[in-house]
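The values are calculated or read from the model by the stated rules, or taken from the named source; none is laboratory data. As the structure is a prediction and not an experimental result, all values here were calculated from the model. Every residue, glycine as well, gets a Cβ built from its backbone with ideal geometry; the counts of neighbours run over all protein chains shown. What goes into the accessible areas is simple: the full protein's heavy atoms, side chains included, and nothing from ligands, DNA or RNA. Shrake-Rupley method; radii C 1.70, N 1.55, O 1.52, S 1.80 Å.
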2 protein chains.
Amino acid sequence: MNTYSIGDVAKLMGVTTYTLRYYEKEGLLPNIRKNSAGLRRFSEQDLAWLNILECLKSTGLPLKEIKHYLELSKDGDKTVKERMEIFLTQKKRLERQIQALKDNMEKINFKIKYYEAAIQDGEKNVLSKHRDLEAERKRLFEPKK
Amino acid sequence: MNTYSIGDVAKLMGVTTYTLRYYEKEGLLPNIRKNSAGLRRFSEQDLAWLNILECLKSTGLPLKEIKHYLELSKDGDKTVKERMEIFLTQKKRLERQIQALKDNMEKINFKIKYYEAAIQDGEKNVLSKHRDLEAERKRLFEPKK
DNA sequence: ATAAAACTTAAAGCATACTCTAAGTCAAGG
DNA sequence: CCTTGACTTAGAGTATGCTTTAAGTTTTAT
């Protein structure tokens with residue numbers, strides 16, 4: 001089976017070697033093998049774990065809780081339910097995140113439309129801070145429907 | 001027009017009063033009025049701005065760049081294009097974020113399915129760390145199609 | 001009238017997640 | 001042989017975004 005140096009893994013995962021060593025130091029990368037010269041050799045399973053780690057991290061699970069998940073994994077079958085719960089919780093979190101991003105997309109689209117219209121108008125000082133915020137104020141406090 | 005105390009605003013925005021004062025100190029809340037006793041009174045426009053601030057922040061724009069946007073706003077018409085660019089950039093970022101979250105949703109669903117199947121099986125030690133990661137390794141390195 | 005809650009300031013402290021430094025080892029190319 | 005570059009360790013330093021403290025003032029409810 002292929003193995004990978006820390007530099008290879010850094011490139012593959014889009015992180016720095018510092019980050020990978022930091023993760024190992026924090027117990028987030030268990031059992032990374034080292035060759036006779038003491039250099040780390042990452043297995044494909046290690047990369048698979050990094051992939052899950054990245055997924056959990058980028059959906060907002062703190063490193064501390066990722067470590068907790070890892071400890072559950074070590075304990076085998078009896079922690080299955082708790083481990084599945086973690087993923088179910090992340091799934092819910094993810095759904096909220098996607099909705100929040102969509103809401104933000106609407107706000108950003110409102111802003112872009114406002115700027116486009118203002119540029120079209122060519123009106124002077126339409127875009128002073130006051131006018132700009134007044135449009136937002138109305139959007140929030142005087143919604144049309 | 002209604003005004004709001006710092007505590008009111010904190011509740012409305014779901015942040016602490018510490019955070020609001022911190023934002024003001026950092027120049028992210030310009031021109032907050034104070035009453036004769038020196039207490040902050042937030043206007044609806046201030047809330048409108050906080051709403052935009054929250055939108056930019058939660059889509060990953062650092063506070064430093066949010067401050068920059070604010071400074072552009074103060075300079076009026078001549079910064080319109082740059083300001084619109086900021087929102088267009090955030091829109092692109094947001095599209096990537098939504099896609100990334102959807103990708104993560106797939107990974108999480110894979111995990112959940114794996115755990116469900118393993119629980120059904122009732123097989124002992126199916127869920128040891130090794131087996132668990134082996135499934136991930138195959139997903140990554142031996143995709144079916 | 002007075003006690004509790006909410007506010008004021010300036011400045012220090014903290015959590016998270018890296019990021020870098022120092023001093024040294026090791027393997028490969030010219 | 002020797003330099004270059006990737007690696008090793010332990011530990012210090014940094015960036016971001018808050019969060020709290022301390023000491024005092026103001027507002028609000030009883």
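Values for this structure:
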{"read-out": "CD proxy at 222 nm, helix term only [per DSSP H run n ≥ 4: -39500 (n - 2.57); per residue of chain A; nearest 500]", "value": "-23000 deg cm²/dmol"}
{"read-out": "Whether the stretch A:1-52 is rounded, prolate or oblate, judged on the alpha carbon gyration tensor where a/c under 1.5 counts as rounded", "value": "rounded"}
{"read-out": "Trypsin sites (Lys or Arg not before Pro) lying in DSSP loop within the stretch A:22-63, provided at most 10 other Cβ fall within 10 Å", "value": "none"}
{"read-out": "Expected-Rg normalisation [2.2 N^0.38 Å, Cα atoms] applied to the stretch A:96-145", "value": "1.30"}
{"read-out": "Sum of side-chain charges, residue B:82 neighbourhood, beta-carbon under 12 Å (Lys, Arg +1; Asp, Glu -1)", "value": "-2"}
{"read-out": "Which listed pairs, of A:11/B:113; A:34/B:144; A:64/B:129; A:102/B:138, have C-alpha distances above 21 Å, in listed order", "value": "A:11/B:113; A:34/B:144; A:102/B:138"}
{"read-out": "Convex hull volume per residue for chain A, taking Cα atoms only, in Å³", "value": "198 Å³"}
{"read-out": "Total accessible surface hidden between B and A, rounded to 100 Å², 1.4 Å probe", "value": "5300 Å²"}
{"read-out": "Test item: Cα-centred dipole of the stretch B:75-145, Lys/Arg +1 and Asp/Glu -1 on Cβ, debye", "value": "160 debye"}
{"read-out": "Diffusion constant of the protein assembly as shown at 20 °C, which comes from Stokes-Einstein with the Kirkwood Cα-pair radius and 1.002 mPa s, µm²/s", "value": "95 µm²/s"}
{"read-out": "Total formal charge among the other residues, if their Cβ is under 14 angstrom from that of residue B:95, Lys/Arg +1 and Asp/Glu -1", "value": "+4"}
{"read-out": "Low-density loop positions, GluC sites (Glu not before Pro), the stretch B:1-103 - DSSP coil, at most 12 other Cβ in 10 Å", "value": "B:26"}
{"read-out": "Carbon and sulfur %, accessible surface of chain A computed with the full protein complex present, 1.4 Å", "value": "51 percent"}
{"read-out": "Length-normalised contact order of chain A in % [C-alpha pairs under 8 Å, at least 6 apart]", "value": "15 percent"}
